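Written below as structure tokens is the structure these notes are about.
Please treat every number below as a calculation from the coordinates, not as lab data. Since the model is a prediction, treat every value here as computed from it, not as a measurement. Neighbour counts run over all protein chains shown; Cβ positions are idealised from the backbone, glycine included.
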Amino acid sequence: MGTFSVSVQVGSVAGPTYQTVEALVDTGATYAVLPTNILMSLGVEPVERFPFELADDRVVEYEVGHARVRLDGRERIVLVVFGPESATPLLGATTLELFGLAVDPVHKRLVPVRGLLKGFGWSRSLAS
């Protein structure tokens with residue numbers, strides 16, 4: 001699949017300040033990744049450390065925290081990884097899912113998708 005970037009705004013959960021970044025859409029990444037210096041300058045604070053497996057099979061640990069992300073006029077609070085200073089900002093699979101978006105690889109864009117609730121087994125009478 002080809003890669004492409006989208007413009008997103010990122011800010012702290014509590015603060016009014018946002019920064020616009022070009023983020024690579026990466027369905028191979030679980031979470032959003034931003035350079036630590038950007039997250040710290042916005043007041044995003046780490047809450048935990050997680051292990052991550054890299055493309056070369058190395059396992060590394062990075063801090064994670066919560067940030068407010070604006071994309072296509074909508075806003076969500078997402079888990080973000082405090083990446084190295086040289087890290088390319090990424091939008092991972094869980095961030096895309098929170099926004100109800102999927103990748104159109106042919107046109108290199110994000111497209112809306114329906115959420116799924118098929119595991120609940122609701123009858124038609126309960127769904128209306």
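Miscellaneous remarks
- Against the rule of thumb 2.2 N^0.38 Å, how large the Cα Rg of the chain comes out: 1.16
- Placing dummy labels 7 Å off each Cα toward the beta-carbon, the span from S86 to L117 is 4.8 nm.
- Dipole of the chain [Lys/Arg +1, Asp/Glu -1 at C-beta], most positive-end residue of P35, F52, P112: P112
- With the highest mean first, a sort of the peptides 95-101, 15-21, 81-87, 30-36 on other beta-carbon atoms found within 10 angstrom per residue produces 30-36, 95-101, 81-87, 15-21.
- Most fluctuating residue given options V80, V111, V13, as computed from a GNM of the chain linking Cα atoms under 10 Å: V111
- Rounded FRET efficiency, nearest 0.05, which uses the C-beta distance separating E75 from N37 and R0 of 25 Å: 0.65
- Gain on full stretching of the segment that runs from T27 to T3 - 0.36 nm per residue minus C-alpha separation: 7.7 nm
- FRET efficiency estimate (nearest 0.05) - Cβ-Cβ, V106 to V13, R0 41 angstrom: 0.70
- Within the chain: Cβ-based charge dipole about Cα centre, in debye rounded to nearest 20 (Lys, Arg +1; Asp, Glu -1): 740
- Neighbourhood net charge (14 Å Cβ-Cβ; Lys/Arg +1, Asp/Glu -1) for P46: -3
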